[in-house]
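Please read the structure below before turning to the comments.
The values are calculated or read from the model by the stated rules, or taken from the named source; none is laboratory data. Bear in mind the structure is a predicted one, so any value in this text is a computation, not a measurement. Positions of Cβ are generated from backbone atoms using ideal geometry, with glycine treated the same way; all protein chains shown enter the neighbour counts. For the accessible areas, the whole protein counts, side chains as well, though only heavy atoms, and no ligand, DNA or RNA atoms are used. Shrake-Rupley method; radii C 1.70, N 1.55, O 1.52, S 1.80 Å.
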Amino acid sequence: MTRHHWIRRSRGLVTLAATAVLALGGATAPALAATPAASGTSPAAPASGPEVNYQDPVSAAPPVSRPATRHCTVTVLRHDFGNTISDPPYATTVTPPASCAGPWTKVVMNWSGSIKGRQYDRLAGVWLGGAEIFRTSTPEPDDKGISWNVDKDITEFTPLLRHPQQLQVELGNVVNSTYTGVFHMRITFTYYLADARHPAARTADQVLPVSDTTPGAQPWFQLGKGQSASESLTFPRDLTSARLELYARGGGCDEQWFDDVPDDLAATAPDYLCGGGPYREVLVSVDGRPAGLAQPYPVVYSGGIVPTLWRPIPAIDQFRTLAYDLDLTPFAGVLADGHAHTLTLTPYGADDTWTVGGSLFLGTDHGRADTSGAVTSDTLAATPTVTTKETKQADGGTDVAVGTHRDWSISGYVDTSHGRVTTTVRQAYSYSNDDVVSATGQSQRVRQRDAGTTTVTTRGAGSQRAERSTWSYPIDVDSDVASLVDDNNYALSATVTQGRVLTDGVREGAFGPWRTTATTDDRLTATGELAKKDGVVQTADGTSAERYHGTTDDGACWTRALRAAHGWITSDRGSLVPGGCGR
């Protein structure tokens, strides 16, 4: 189960955050609009707090597009998750509908739920045939109840969707005399048939799960400090490409790993500070050899830092979690030898639990029964070089500066029916985290910048193509715990600014121009405060604004700007323009 980062730091007060939330009412949840309003505002918001009533949440992110083709919607799960913390994942079987047997141009999953009462935010996942197809976290409810839904394009899992598969859902929840909220969940799959205007989707030939297959276990790997997860896998003999889709989220003190501090500083204020330092990455290795790297997004859970920050606009990545793509094709020639190979996932710097797992998407040779090849170069180091500098201030506080950078490449080739194909993956990125920590640990001012570029170049049969992805994950957190006596007496406040900026592009030939294929620029700023005295809410309020600008999954340009105050949307403006955003 997940808990609020600040309350984990307070020994003996583990129920404070949930109690505070329930006293206020309301929760965050992803309500993705079908189209943004051209202009206008919401009904007038209530006057400033303490707030006890919150609008259903709204995200500025674009919805999943729906093609205008014949389709069938199937409810694949309807289940109540009560006291499930010790239960195995809920399991059922999904069979493609006979009336929409395919081929499909698109398949969309909808995850929706409702809950009322008292409950923490919980981590949840969905697996199909052992492959994780969806990762999310839940909102926290009020006594009156909330509902939410998230759409996910799952077309890439078509190789599994074609046949009956086991569907597993993990949502570990606690229900007792204190935590009363039961999650009433529903999942639907909508299958959109291909036609002349909407061709069948092009997907990988096979999907290979990377998950814990222990009977009755949660399919994801839950790793503690210093732990790794390894799985022995056998690949097709005609393998030509391999892409790993990786999920990774921190728990406990690593829910907000970006405001963790060095161990020596954490020891001076253990009620407020978590150790391990703020840098995290997940290394993927093949047979012990570094093969790829993922930098996690600094997500904040729905009760994180100060719960009123996220009402009604949820934090970026809170409910619609994006996976990280790692191209392992340089290893394809080695993996195709018919022997079992060990894939290992290792979170770096973890000071608490990390939940990791994912799926491999495999391409095969349709003109040759066996492929072969080799890794020709690999400069990816198994561990980063991280610098940490602590500077004591006159007021007793500490300035902490942490930084690192990576610059590596891996090359390998595969001999195919079309000749030798060589793939090179290059990545360069830089990371910095500056944290001003008060003498007591009750106040932090964090400024983190994490940005980089990954380029995958493929050469073969007289041609060359490159794909480039850039990312930037800025986050600033100013947080104060003015007082913290017990779960009836405390005062919290914070301002958080976070962003996710992504650009994908392609280049044909060695010297051709780069062409942008997709962009995302998502920015959110929120302020929140929460205080209680002798069990009575004194302050419960927040303001927030989110602006999303980028391409939709079908190439249109989506812009939406939201503003909220006192738990209600006060402005909602946006546009949808076919043909892309241009540059």
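Could you work out the equivalent-ellipsoid semi-axes for the chain, taking the square root of 5 times each eigenvalue of the Cα gyration tensor, largest first, in whole Å?
Over the Cα atoms of the chain, the semi-axes work out to 39, 28, 23 Å.
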Contour excess over end-to-end distance, with Cα ends at D399 and R465 and 0.36 nm allotted per residue: 19.2 nm
Spacing of the two label points (7 Å from each Cα toward its C-beta) at R420 and V577, in nm: 4.7 nm
Theoretical ellipticity at 222 nm over the chain - DSSP helices of four or more residues, -39500 (n - 2.57) apiece, nearest 500: -1000 deg cm²/dmol
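Give the value in nm², to one decimal: projected area of the alpha carbon convex hull of the stretch 216-266, averaged over all directions.
Directional mean of the projected Cα hull area for the stretch 216-266 stands at 6.1 nm².
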Label point distance in nm, T391-Q222, each placed 7 Å from Cα along Cα→Cβ: 4.1 nm
Solvent exposure of the chain as accessible area per residue, Å², 1.4 Å probe: 39 Å²
Computed accessible area, Y90, all protein chains, 1.4 angstrom probe, square angstrom: 70 Å²
Restraint check, K116/K532; K106/K225; K152/K389, Cα-Cα greater than 30 Å: K106/K225; K152/K389
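Where in the stretch 111-193 are there trypsin sites (Lys or Arg not before Pro) that are in a DSSP coil and have at most 14 other Cβ atoms within 10 angstrom of their Cβ?
On the way: sites: K116, R118, R122, R135, K144, K152, R162, R186; in loops: K116, R118, R122, K144, R162.
Sparse-neighbourhood loop trypsin sites (Lys or Arg not before Pro): K144, R162.
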Within-15-Å neighbourhood charge of V108 [Cβ basis; K, R +1; D, E -1]: +1
Calculated log₁₀ intensity ratio I(q)/I(0) where the Debye formula runs over C-alpha points of the stretch 140-295, q = 0.13, 0.15 Å⁻¹: -1.00, -1.21
Under Karplus coefficients 6.51, -1.76 and 1.60, residue-wise ³J(HN,Hα) of the stretch 550-560 in Hz, glycine/proline x: x, 7, 7, 5, 10, x, 6, 9, 10, 10, 8
Förster-model FRET efficiency, 35 Å R0, T92 and A196, C-beta, rounded to 0.05: 0.50
Tensor-based shape of the stretch 206-308 (alpha-carbon gyration tensor, a/c under 1.5 rounded, otherwise prolate or oblate): prolate
From phi via Karplus (6.51, -1.76, 1.60), per-residue ³J(HN,Hα) for the stretch 441-451 in Hz, x at Gly/Pro: x, 7, 10, 9, 10, 10, 10, 10, 10, 9, 9
Sulfur and carbon atoms: percent of accessible area, the stretch 402-447 [1.4 Å]: 48 percent
Label point 7 Å beyond Cα of Q538 along Cβ direction - residues of the stretch 450-491 with amide nitrogen under 11 Å: 482-485, 489-491
Distance from the stretch 137-164 to the stretch 342-373 (C-alpha centre basis), Å: 24 Å
Length-normalised contact order of the chain in % [C-alpha pairs under 8 Å, at least 6 apart]: 16 percent
Beta bridge orientation in the chain: antiparallel %, DSSP, nearest 5: 100 percent
Only Lys, Arg (+1) and Asp, Glu (-1) charged, at Cβ; the chain dipole about Cα centre in debye: 1400 debye
Kirkwood Rh (inverse of mean 1/r, distinct Cα pairs), the stretch 489-583, angstrom: 16.1 Å
As computed over the stretch 184-263, the Cα convex hull volume per residue (Å³): 246 Å³
Carbon and sulfur %, accessible surface of the stretch 148-212 computed with the full protein complex present, 1.4 Å: 46 percent
